[in-house]
Amino acid sequence: MVRPTEFKIRRTTTETNVTLLITGELDLSTVPVLAESIGRPADIAQTLTLDLSELSFMDSTGLRLLIELDQQARREDWKLSLIRPRHETAAAVLHSTGADAALPFEDAADR
Amino acid sequence: MASTLAEFIIDRAYSAVVSMDEHGLVTAWNPSAEATFGRGRDEAIGRPVAELIIPERLRTAHQEGLRRFLAVGEGPILDHRLEITALRADGTEFPVEFTISALRDGAAWSFHAFIRDISQRIEAERERERLVEELHRALRGSERRFEAIIGSLSDPVTIRDREHRFVYANPAAVAHLGFGSWEELRDTPPAAIMDQYTVSGEDGRDVRMEDIPSVRILRGEPAEPLLIRTVHRETGVQRWNLLKSAPLADEDGIVEATITIIEDVTEQTRAALQGAFLAEASALLASSLDYEQTLRNVAELAVPEVADWCAVDLIDEDGDRNSVAVAHVDPARLSLAQELREYQPARLDPEQGLGLVFRTGQSLLYPDIPDDLLAKGAVDERHLELLRAVGFRSALLVPVRVGERTLGALTLVSSDSGRVLDDFDRQLAEQVAARAAVAIENARLYSQRSSIARTLQRSLLPEQLPEIPGFQLASAYLPAMEGSLVGGDFYDAWSVGGRWMLIIGDVTGKGVDAAAMTALVRHTMRTASEFLTSPAELLARVDATLKQRPALSVCTALCLRLEEDRATLAVGGHPLPLYISGERVSTVGEHGPLLGAFADVAWRDIDVDLEPGSTLVAYTDGITDAVDGSGRRFGIERLCDALKDAGDRPAAEVIGRLVRALEVFQTGAHADDTAAVAVHRLPLAEALIDPSRDDSHATNGEDQDRRLAGAGHGQTD
């Protein structure tokens with residue numbers, strides 16, 4: 001199947017921060033890829049930033065992963081930072097589930 | 001599952017197997033393909049087939065053919081054996097023989113090619129042509145040189161005069177035709193020699209004297225080499241011969257005689273036929289999970305190529321024999337074969353025939369079946385009569401085994417063709433049986449698993465929606481395509497304290513955990529609704545319950561309360577329902593947070609004005625997230641399009657429209673599970689005057705994989 005945008009993760013690492021720029025669709029088939037790529041954040045950095053600004057779609061499995069990461073960050077005392085998707089379809093899911101307000105989101109322009 | 005079986009078969013295929021998708025990209029590349037094209041699987045997967053194995057000058061035709069097939073759904077080259085030039089990784093070209101089949105896989109086509117390198121065969125053909133050339137030259141020279149060359153050839157060579165009598169045969173030809181000396185052969189009329197054999201061509205049709213190349217030459221026709229299968233009437237031995245003839249003309253150019261080289265190609269022809277047969281049987285077995293139908297197809301395929309009739313028996317869990325397929329070369333005699341099968345008792349004699357094969361798991365080959373063996377095996381007179389009428393020449397019984405367990409057996413019988421089944425046939429049948437065993441085992445496992453999932457799923461959805469005065473309800477649940485997992489979508493409706501509650505939701509995840517959460521959410525809702533009347537408070541209660549679970553448990557839910565002419569709604573992380581009134585479709589309600597996910601959250605009750613004759617549709621995101629063959633999502637716009645104008649229709653029709661629109665969009669592509677519920681408020685007049693009106697049955701096809709389930713309806717009582 002051809003996806004509109006290929007799912008890609010670009011990783012940038014500094015001493016304290018790991019940033020993953022995620023492009024494409026985050027759903028049942030790509031969530032495991034992202035989860036594996038994140039690994040155990042507590043071991044590698046003080047802050048994990050997931051830049052979702054280029055994300056074109058997210059389903060409930062993607063959302064679930066974000067919630068899990070948020071809970072994990074609180075438990076393990078590291079910082080999760082999320083960048084809002086620009087695409088409307090992906091942003092709508094965050095809005096309609098309340099995740100937009102409850103999870104540590106920032107606008108792409110803020111950075 | 002199907003992919004595991006396909007991979008198992010493809011990995012062991014003798015032919016190179018290359019599969020590609022609609023975009024011409026390689027999706028399968030078996031070990032034989034690695035050897036044939038000199039390129040590893042990892043390197044090939046995902047790259048265009050055209051670049052890997054098709055010479056540059058042929059690529060346009062390939063792409064054009066693919067494009068045309070996708071446009072019109074048929075292609076002239078599909079399912080035919082063809083020869084073409086292919087490309088190796090090192091850039092060299094070589095001749096191949098291939099068949100290509102198209103398979104509809106969900107919304108997309110996939111293409112599967114079985115390819116064999118035939119450079120050796122082509123080389124051998126050239127070698128023979130050179131020899132015939134040389135013979136011609138020799139014939140123009142001295143008689144002695146001719147004798148010296150032909151006499152020492154290991155291939156049989158004959159020369160016939162205009163009356164088809166043999167005027168010369170080298171020692172190899174004398175032996176090949178079954179004679180002790182040249183004189184004996186010379187004195188036997190040609191027709192009598194032909195009569196000793198049944199002769200058929202590659203297509204299985206009889207070959208007559210006038211079809212033989214030497215005879216055609218004498219008639220002045222061009223004579224292509226002819227491949228024939230001969231079965232000796234007495235011994236039952238079969239051979240494949242390639243006949244090549246050339247005219248021998250005198251000085252005036254008048255043909256006086258013909259020279260024929262008889263090439264014994266038994267081994268390579270049977271190997272090629274075996275390969276093609278196995279490839280076809282493998283593709284059939286991998287094509288479907290309905291293994292009984294598949295085994296019938298394989299039995300049909302075996303006739304007449306391998307035998308004159310073929311039967312497949314399976315043993316069920318109780319050890320009873322179950323005849324699943326019988327195919328006969330002569331359809332008119334099929335009933336005879338079937339009647340004969342019924343003669344065998346369900347419990348077989350463990351010391352002979354099928355019973356012995358089932359007990360030992362070993363093949364049995366009866367090359368010759370004399371009449372007294374039939375008499376010994378017959379149960380009564382009618383049985384013996386049937387056995388004789390079928391005319392057993394030779395029989396082969398091969399077990400279908402998985403590990404040490406025997407699932408059944410293939411029975412191959414040669415009768416009309418008169419040929420003797422041999423070790424070669426046994427090997428072929430055993431290979432087919434091995435593939436069949438895997439297909440059967442996988443299909444059984446799969447059907448068990450998916451029936452458990454179906455049962456569990458059904459227990460998670462209401463048997464029937466309640467009847468609500470003044471309203472009509474209908475629902476649909478479409479399970480995920482894989483069918484072997486319980487999905488996370490659910491809905492429920494019940495009456496409590498003079499009110500009606502309706503929920504629809506989606507727990508994240510699949511399988512046992514999703515089932516447990518679904519049950520928990522429904523149970524909590526139903527129990528809490530006894531003392532909580534506010535939908536928002538009910539959602540808060542479920543939220544609290546989910547947060548008590550040890551692992552993250554999140555769930556979307558929409559809760560609707562119906563009272564006579566009032567509707568109240570609360571939404572937790574769920575798509576807002578659609579309100580259809582006249583031509584207008586709009587969302588109603590207000591988003592609230594996902595359940596079980598966040599701290600310090602609350603939900604709000606929203607009153608919805610449900611006008612008489614309007615409809616409210618609540619659905620899960622399985623609908624809007626559905627993907628078509630090219631990766632597009634169904635989306636809310638398509639959903640609204642499907643529903644506009646439908647507000648005044650019966651609830652079941654509204655749901656029907658939604659399901660059809662979704663199915664047309666997906667045309668069988670992979671789908672996640674999906675649920676939808678429609679609440680139609682009856683027009684006032686209808687609600688009062690015609691309480692018994694019942695046109696709201698949603699289709700309920702139990703037998704369909706994607707079906708509408710739990711279609712309920714309600715109207716005024």
Two pseudo-spin positions, 7 Å from Cα along C-beta at A:Asp77 and at B:Glu583, lie apart in nanometres by 6.4
Per the Cα gyration tensor, the range B:1-109 corresponds to an equivalent ellipsoid with semi-axes, largest first in Å, of 20, 19, 13
Once Lys and Arg are counted +1 and Asp and Glu -1 for all other residues with Cβ under 12 Å from that of B:Ala173, the total becomes -1
Expected unfolding gain across B:Asp368-B:Val237 under the 0.36 nm per residue rule, minus the alpha-carbon gap, is 46.0 nm
Among the DSSP H helices of chain B, those whose Cα atoms extend at least 30 Å along the helix axis and whose mean Kyte-Doolittle hydropathy is -1.0 or higher are B:423-460
Relative contact order of chain A (C-alpha contacts under 8 Å, at least 6 apart) in percent is 24
Semi-axes (Å, rounded, descending) of the ellipsoid equivalent to the range B:514-660 per its C-alpha gyration tensor are 28, 20, 13
Most exposed first, judged by fewest Cβ atoms within 10 angstrom, B:Ile261, B:Ile369, B:Ile45 run B:Ile45, B:Ile369, B:Ile261
Counting every C-alpha pair in the protein assembly as shown, the percent lying more than 45 Å apart is 48
Expressed in nanometres to one decimal, the distance between label points 7 Å along Cα→Cβ at B:Ala35 and B:Val512 is 4.3
When the charge dipole of the protein assembly as shown is computed with +1 on Lys and Arg Cβ and -1 on Asp and Glu Cβ about the Cα centre, the Cα farthest towards its positive end, among B:Val390, B:Val49, B:Ile122, belongs to B:Val49
Here the FRET efficiency for B:Ala389 versus B:Ala192, based on Cβ atoms and R0 = 41 Å and rounded to 0.05, is 0.90
With 0.36 nm assigned to each residue of separation and the Cα-Cα distance removed, B:Arg130 to B:Arg68 gains 18.2 nm
Most exposed to least, judged by fewest other Cβ atoms within 10 Å, B:His23, B:His164 sort to B:His23, B:His164
Exposure proxy check on B:His80, B:His680: fewest-to-most Cβ neighbours within 10 Å is B:His80, B:His680
Here chain A gives, from Cα atoms, an Rg and Dmax in Å of 13.0, 40
To the nearest 0.05, the calculated FRET efficiency linking B:Ser119 and B:Glu51 through their beta-carbon distance, R0 being 25 Å, is 0.70
Scoring the range B:199-274 by relative contact order with C-alpha pairs under 8 Å, at least six apart, yields a percentage of 25
For A:Lys8, counting only lysines whose alpha-carbon sits under 26 Å away and dropping same-chain residues fewer than eight positions off, the answer is A:Lys79, B:Lys510
Here, chain B modelled as identical Cα point scatterers in vacuum has Debye log10 I(q)/I(0) at q = 0.06, 0.10, 0.11 Å⁻¹ of -0.56, -1.06, -1.16
Rounded to the nearest 0.05, FRET efficiency between B:Gln268 and B:Asp203 (Cβ-Cβ, R0 22 Å) equals 0.75
Pseudo-spin-label distance B:Asp423 to B:Glu611, built 7 Å along Cα→Cβ, given in nm, is 8.6
With only helices counted (DSSP H, runs n ≥ 4, each -39500 (n - 2.57)), the per-residue ellipticity at 222 nm for the protein assembly as shown, to the nearest 500, works out to -11500 deg cm²/dmol
Here the relative contact order (percent) of chain B, from C-alpha pairs under 8 Å and at least 6 apart, is 9
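Where a number appears in this text, it was derived from the coordinates with a stated rule and is not lab data. Because the structure is a prediction, the values reported are computed rather than measured. All Cβ positions, glycine included, derive from the backbone under ideal geometry; neighbour counts span all protein chains shown.
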